[in-house]
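For reference, the structure is listed below as structure tokens.
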Amino acid sequence: MDSKARITAQGAYIPSTVLTNEDLEKIVDTDDEWIVSRTGIKERRISEKNEQTSDLAYRAVIDLTNKYGSNIKDVDFIIVCTLTPDFKTPSVSSYIQYKLGIENAGAIDINAACAGFTYGLYLANSLITSGVNKKILVIGTENLSKITDYTDRTTCILFGDGAGACLVEKDEENPSFISVINGSNGSKGKNLYASNIGSILDGSPIDKNGLIKQNGREVYKWAVSTLPKKIKELSESCDLNIRDIDWFIPHSANLRMLESICERADIDKNKLLTSIRKTGNTSSASIPLSINLATQENKLINNQKIMLFGFGGGLAYSGLIINWNLDKKVN
Ligand code: UT7
């Protein structure tokens, strides 16, 4: 019999330092009114100088174990989704395995930028349903402030730091995963990059300073024209009417853009859950941060159908429909 997988617990962590729109007004030529009306962001969290991506990830998992009392010593695979790993090697996931005292776990970092966390959940489900693994930690963690150009007003108003984690476990009775869609439009990749060792991107020289560069208008156009179709395909693939989705949790990129996607995909805007207002765009951490916020606000109830949709750098996307069915909180 095929194995099945359930998301059993979640946790999150955000650094304590707040960077408000008013703070940004002192750094670049911008204002609170522009930022709020164009993006929905009021503030974001910024890590300390020596606070690394792995530190954020570690704290998100500790929050998970504190809240749900989950035993993570027998986790057999760790997937860390990040575009801001501490190092090219060692991986964040190997460090997390060591820091959490998990003895026997495979450990990989994956980078699908803002689609990372949904790709991570998809992989966790696949590894469990293949029968190979039984308990997997999926962590979305980002230290974007360390690669943000605070002289570029078109990007520095967007990004922040944070981490979120989910535990995915083998469960034959109550599987979480209903349907998935993955894809990529690599021809548009040059619209959103942060340099590494390459110096030519799709035939053109790039800025080599390692900081995020984005053609926001192009990414915006791609997102509002592509994602509604993909959302429809995702719900149709499991014969679910889009109106039967209880909550829509997309990557928190830009509230105005997400509302436009909702309109085009026929999703009631009251079903949209984001973490954009208080934590900005945190790339692969934004979906688990939205989950955490909605859990704190008691919005997510077991047996609800939730659509998660990650998208961004690549330009890649990954959507999931899941049945929400977490363990009971102990704290
Ligand atoms: O997470 C990964 C995926 N990324 C995304 O999904 C990002 C998608 N794109 C966006 O969120 C939006 O394109 C932005 C928020 C980045 C920009 O908003 P926009 O409404 O597309 O603005 P725009 O680039 O069309 O610029 C409009 C005007 C320009 O001035 P002119 O040329 O009309 O005179 C900009 O120079 O707004 C100006 N502008 C600003 N003004 C005040 C750009 N940034 C700012 C700023 N403050 N921070």
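The values are calculated or read from the model by the stated rules, or taken from the named source; none is laboratory data. None of these values were measured; they are calculated from a predicted model. In this analysis, Cβ positions are derived from the backbone assuming ideal geometry, glycine residues included, and neighbour counts consider all displayed protein chains. To get the accessible areas, we keep the full protein, side chains included, count just its heavy atoms, and leave off ligands, DNA and RNA. Shrake-Rupley method; radii C 1.70, N 1.55, O 1.52, S 1.80 Å.
For this structure, a couple of remarks:
- Cα-only Debye scattering, the stretch 1-83: base-10 log of I(q)/I(0) at q = 0.11 Å⁻¹: -0.50
- Measure of compaction for the stretch 1-150 (Cα Rg per 2.2 N^0.38 Å): 1.19
- When the chain is treated as a Gaussian network with alpha carbon springs shorter than 10 Å, the biggest mean-square fluctuation among Val61, Val28, Val80 belongs to Val28.
- When both the stretch 151-178 and the stretch 247-273 are represented by their alpha-carbon centers, they are found 16 Å apart.
- The chain: most fluctuating residue of Lys232, Lys67, Lys88 per GNM, C-alpha cutoff 10 Å: Lys88
- Scattering curve values for the stretch 137-242, log₁₀ I(q)/I(0), Debye with Cα scatterers, q = 0.17, 0.23 Å⁻¹: -1.06, -1.26
- GNM flexibility winner over the chain from Leu320, Leu158, Leu19 (Cα, springs under 10 Å): Leu19
- For the chain, the spread of Cα positions along each principal axis, largest first, Å: 56, 44, 42
- Top positive-direction residue, dipole computed over the chain with Cβ charges, set Ala107, Asn298, Tyr122: Tyr122
- Each helix, a run of at least 4 DSSP H residues, gives -39500 (n - 2.57); summed and divided by the residues of the chain, these come to -9000 deg cm²/dmol at 222 nm.
- With all protein chains modelled, accessible area of Phe159 [1.4 Å, Å²]: 10
- Hull-based mean projected area of the stretch 177-324, where the convex hull spans the alpha carbons, in square nanometres: 9.1
- Per-residue surface analysis assigns Glu236 an accessible area of about 100 Å², computed on protein heavy atoms at 1.4 Å probe radius.
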